[in-house]
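Since every read-out is calculated from the coordinates, none of them should be taken as a lab result. What you see is a predicted model, and the numbers here were worked out from it, not measured in a lab. Every residue, glycine as well, gets a Cβ built from its backbone with ideal geometry; the counts of neighbours run over all protein chains shown.
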Amino acid sequence: MSADHGFTGPNPLAQRAEALIRTLTGVLLARVIADEHDRIHEIHALVDDSVAPGQFARSIQSALLARFGTLVELDHIYVNTTPAGLGNGKPRHDAGLPAGTPALAATPAPAGTPAPAGTPAHAAAPAHDEPPAICTLEIERSRTHRVHCRLSIQWAGATYDGAAEVLDGPGAHAEVAARATIDALNDSGRTPLLALEGIRITEIAGRRYATVAVRAHLGRTVRYFAGAAAIDHSAEDAAAEATLLAAAPCFATPWPGPRHSLAAAS
């Protein structure tokens, strides 16, 4: 019991939040501290070393925003990796750092050093690659009550195009932009095959956010990620940005295995 925060016993919201956080890929344990007014004060999570602690914190923040409409600041989310920062027998340089603290940059291989045999193209990307960014985004309505989106992303000096179409209706612009962003990422061949799991527009303290959940298909394995972005200009711009944030764990992680069609999964 924490008198400092007015916490007086098991809190239903805290228990639901802990259950949600534990469903996120890589989370081993979760503890949520909330008061009787359902205000979350702290989140503590023990995670594996699949991605940096800061990315885990952003995924936790996005998941709570999407499910409960609760925005928890990143400096209230404490993430620790497995004992001594060990994962698969290799020490992590960022183990034990507060959420959001950048890890020490990996030492790049000398120029011209070939990638190990069998390394996927997206896993062999240079360590200094910038993350992908949205270059262009166009939305069109058709006479058949459908909304079409075309966009392009810039990534590591190359441009990749994406397109999608959905039925017109509430939230259609955000959904079609998210789907087009995923299409562009899949076109790059630098990630596992991705699919849209869901998108939601949430308002908190008078500000609207687009929250996107994606799933990555790795043969028989499926991993889930989430990202959120404030709607400053348009819902479609925020949805595209939130999709890139959700897929960010896939940008720097080797994803072995063949790429399969998601036609039946989307």
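Ranking of Ser62, Ser188, Ser50, Ser142 by neighbouring Cβ atoms within 10 Å, starting from the fewest: Ser142, Ser50, Ser188, Ser62. Take the Cα of Glu42, step 7 Å toward its Cβ, do the same at His233, and the gap between the two points is 4.0 nm. Only alpha carbons enter this Debye calculation for segment 131-250, each as an equal point scatterer, and the log10 of I(q)/I(0) it gives at q = 0.13, 0.14, 0.15, 0.22 Å⁻¹ is -0.46, -0.53, -0.61, -1.23. Among Cys135, Cys149, the ranking by other beta carbons within 10 Å of each residue's beta carbon, starting with the fewest, stands as Cys135, Cys149. Taking label positions 7 Å along the Cα-Cβ direction at both Ser50 and Arg31, the computed distance is 2.4 nm, reported to one decimal.
For segment 12-74, the equivalent ellipsoid derived from the Cα gyration tensor has semi-axes of 19, 11, 10 Å, listed largest first.
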